[in-house]
Amino acid sequence: MWTVPNILTMIRILMIPVFVILFYVPADHWDFVWGKLSFHWIDFTAALIFSLSCLTDLADGFIARKYNLCSRFGAFLDPVADKLTVTTALVLIVERFCNSDILRGYTWLITIPAITIIGREIAITALREWMAEIGKRAEVAVSWIGKWKTTFQMVAIAGLIWGVSWDGVPAMIYLAMLFLYIAVVLTFWSMFRYFAAASRYFSIK
């Protein structure tokens, strides 16, 4: 059970409380300013932890496939770690922007994408579980659209956590929001494809 991929997955889960603690550390005393560029070291560290967590997700999948270390425990634990990491990060980001002046009354621009992504994860998880029960799990395997969605989503979240400013303008946040909305579009696209693939089985009794 405790193969290298499963250990990496457990490490990813253990990174979540570390990431949460760093997120709540007051960042004002850890500023880095270089010319027009400024950011907080604590935010950078939190974004780095989140990014490392995403990289371990890639690593454990690659190792499991390459060395034939796939297991039922790993198949269960890996998506749990993914959903916990992404959901935690999105909830924290929504809280931050609700308590900041960056969007100035337009925090729904972050909240709605976050709800959309979390809702999609719940729906697809339920769909895959149901498809597994009827022996058709392969019909809703991860597609290339889902992989691109995950990529844009992870980059967007890391950017929203880090929040580099250029000459007082939160340029990275605006760029990260663009990536987040691309992820939302891919979220709907991939979800539609998954449900379309499964729709022919909905009428089976």
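Peptides 152-163, 99-110, 69-80, ordered by how many other C-beta atoms sit within 10 Å of their residues on average, highest first, read 152-163, 69-80, 99-110. In this rough spin-label picture, where each label sits 7 Å from Cα along the Cβ direction, the MET1-LEU55 distance is 3.0 nm.
Counting pairs of alpha carbon atoms under 8 Å apart in space and at least six apart in sequence, what relative contact order in percent does the chain give? Across the chain, relative contact order equals 25 percent. In terms of other Cβ atoms within 10 Å, SER51, SER203 run from fewest to most in the order SER203, SER51.
Computed from Cα atoms, the angle from the helix 4-24 axis to the main principal axis of the chain rounds to 30 degrees. Put in order of Cβ neighbour count within 10 Å, fewest first, the listed residues LYS149, LYS83 become LYS83, LYS149. By the count of neighbouring beta-carbon atoms within 10 Å, fewest first, ILE122, ILE93 end up ordered ILE122, ILE93. The lysine pair count for the chain, using Cα distances under 28 Å and pairs eight or more places apart or on different chains, is 10. Each principal axis of the Cα cloud of the chain was evaluated for its coordinate range; sorted largest first, these ranges are 61, 37, 23 Å.
What does the C-alpha gyration tensor say about the overall shape of the stretch 42-104? Classify as rounded when a/c is under 1.5, otherwise prolate if a/b is larger than b/c, or oblate. It is prolate, given that a/c is not under 1.5 and a/b is the larger ratio. Using just its DSSP H runs of length 4 or more, each adding -39500 (n - 2.57), the chain gives a mean residue ellipticity at 222 nm of -25500 deg cm²/dmol after division by all residues.
Read-outs throughout are calculated quantities, based only on the coordinates presented, and are distinct from any laboratory measurement. Keep in mind that what you see is a predicted model, and the values were worked out from it rather than measured. Ideal geometry is used to build each Cβ from the backbone, glycine not excepted, and the neighbour counts take in all protein chains shown.
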